[in-house]
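The values are calculated or read from the model by the stated rules, or taken from the named source; none is laboratory data. It should be emphasised that the depicted structure is a prediction, and the values quoted were computed from it without experimental measurement. Positions of Cβ are generated from backbone atoms using ideal geometry, with glycine treated the same way; all protein chains shown enter the neighbour counts. Accessible surface is based on the protein model in full, side chains and every heavy atom, while ligands, DNA and RNA are left aside. Shrake-Rupley method; radii C 1.70, N 1.55, O 1.52, S 1.80 Å.
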Amino acid sequence: MISSRLSALPKYLFASIDEAVSELREKGVDVIDFGVGDPDLPTPPHIVEEMIKAVQNPAYHHYPSYVGMPSFREAVAKWYKKVFGVHLDPEREVIALIGSKEGIAHTPLAFLDPGDISIVPDPSYPVYKNSTILADGVPYSIPLFEDNEFLPEMEKIPRDVREKAKLLFLNYPNNPTTAVADKQFLREVVEFAYEWDILICYDNPYSEIVFDGYKAPSILQVRGAKEIGIEFHSLSKTYNMTGWRIGFAVGCEKTINALGMVKTNIDSGVFEAVQRAGIKALLGPQDCVRENIRVYRERREEMLKLVETLGLEAHIPKATFYVWAKIKDGTSSIDYCKRLLEKYGIVATPGVGFGEYGEGYLRFALTRPLSRIEEAIKRIS
Ligand SMILES: *Cc1c(COP(=O)(O)O)cnc(C)c1O
């Protein structure tokens, strides 16, 4: 009865792990969950207060504008100028999203015809591949190898794939590998995109979760990128707002219009009270972001100790709130996670869930308090 599109989606791999977690919890085991990429810290109070005020204003109780309130899009443009030094026309080059996942998932519908290719890194956020399949497109995986610092080797993409490709998904700072990309790499990618006429979908939700003086770029900092790229941002990670569903995409007028056309036929925009809160987040005091980073940095140190205690190997992440750890004894990532759960009551995400080249790795999220990471280390040692 269901469509071939739905049947073509990859199988959900973690059912057996989910089951084991619920069983342990039922038995009263105190499970420590490093699986979820959802900040445990609350949304900063000044943003919540703005929402409370806005929700009491009947002006915001109606259908929102499809593309986002002018004041929200202006706030995005100001934020972009301040953070990346990139100029955007708020009226034409910015669109509000119901979380960036929504915009990413709708992008293939705007740009792919049946059989067109999306180039998708492996491992990666599963939405790139799955939204391509839902649009009757064909995902083409490019492996990310540790030896290449988890950057794709564009020169290895075959010519016939380049010719049929319409989209290229990229995400740095990267979930799950925590890798970062420098401007030289971004310049090469933009050149590649021009040569083969491929739209770069640059997913950048972790640009502000950065450590030790590292500053993450926007692809729009590369000359000419706006005409060949669309960049997705989210307030979810930066401001602990995953539940609010607000993000945005930026790019040239033609690209933003195409995505907007899909959206006007599917959704009706972001609740305007949430947009008011979003404006507050983007333009209000930013010490909450610095405080977040301080907390994640502290947890990062402890998580690296945990990883070492397990005999796993990890690079020190320059960005994101994950640690990507390599399994050294040849155990599969799913078996390793099961063992971790059964022996110690600890949950991590098996790397294979992000693609076949994620096999051999585990992802630990830094979204649990320091005391829980310490407790996990105590259980292991
Ligand atoms: C969290 C995340 C998103 C989506 O965030 P939203 O809450 O939908 O804005 C997109 N891409 C990656 C890689 C993420 O980790």
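Side notes on the structure shown:
- Here the range 303-378 and the range 27-45 have alpha carbon centers that stand 15 Å from each other.
- Subtracting the Cα-Cα distance of Glu359 and Asn257 from their residue separation scaled by 0.36 nm leaves 32.9 nm.
- Rounded to 5, the percent of DSSP beta bridges in the chain classed as antiparallel: 50 percent
- Across the range 1-62, Cα-Cα distances exceeding 17 Å account for 70% of all pairs.
- Using θ = phi - 60° and Karplus 6.51 cos²θ - 1.76 cosθ + 1.60, couplings along the range 141-153 (whole Hz; Gly, Pro as x): 7, 10, x, 10, 9, 4, 4, 10, 6, 6, 9, x, 9
- Cα gyration tensor shape of the chain, rounded if a/c is under 1.5, else prolate or oblate by comparing a/b with b/c: oblate
- Report note on the peptides 154-163, 271-280, 206-215: ranked by the mean count of other C-beta atoms within 10 Å, highest first, their order is 271-280, 206-215, 154-163.
- In the range 149-293, a dipole from Cβ-located charges (positive for Lys and Arg, negative for Asp and Glu) runs towards its positive end, and of Leu283, Ile209, Trp196 it is Leu283 whose Cα lies farthest in that direction.
- Using only side-chain charges placed at the Cβ, +1 for Lys and Arg and -1 for Asp and Glu, the dipole size of the chain relative to its Cα centre rounds to 660 debye.
- For the range 59-218: relative contact order, % (alpha-carbon pairs under 8 angstrom, 6 or more apart): 17 percent
- The range 293-352: trypsin sites (Lys or Arg not before Pro) in DSSP coil with no more than 13 other Cβ atoms inside 10 Å: Lys328
- Mean Cβ neighbour count within 10 Å, used as a protection proxy, ranking 223-235, 86-98 highest first: 223-235, 86-98
- Averaged per residue, the chain has 45 square angstrom of accessible surface, using a 1.4 angstrom probe with ligands and nucleic acids left out.
- Ordered from highest to lowest accessible area with the whole protein assembly present and a 1.4 Å probe, Asp197, Asp113 read as Asp197, Asp113.
- Solvent-accessible area, 1.4 Å probe, carbon plus sulfur percent, for the chain: 52 percent
- Placing +1 on the Cβ of every Lys and Arg and -1 on the Cβ of every Asp and Glu, with nothing else charged, gives the range 290-381 a dipole about its Cα centre of roughly 300 debye.
- Cβ-Cβ FRET estimate between Gln56 and Met1, R0 fixed at 51 Å, reported to 0.05: 0.65
- Rg/Rh ratio calculated on Cα atoms of the range 171-247 (Kirkwood radius): 1.00
- Label-to-label distance, nm, for residues given as Val29 and Lys318 (7 Å Cα→Cβ offset): 3.8 nm
- Estimated distance in nm for a label pair at Glu291 and Ala15, the labels positioned 7 Å out from Cα along Cα-to-Cβ: 4.3 nm
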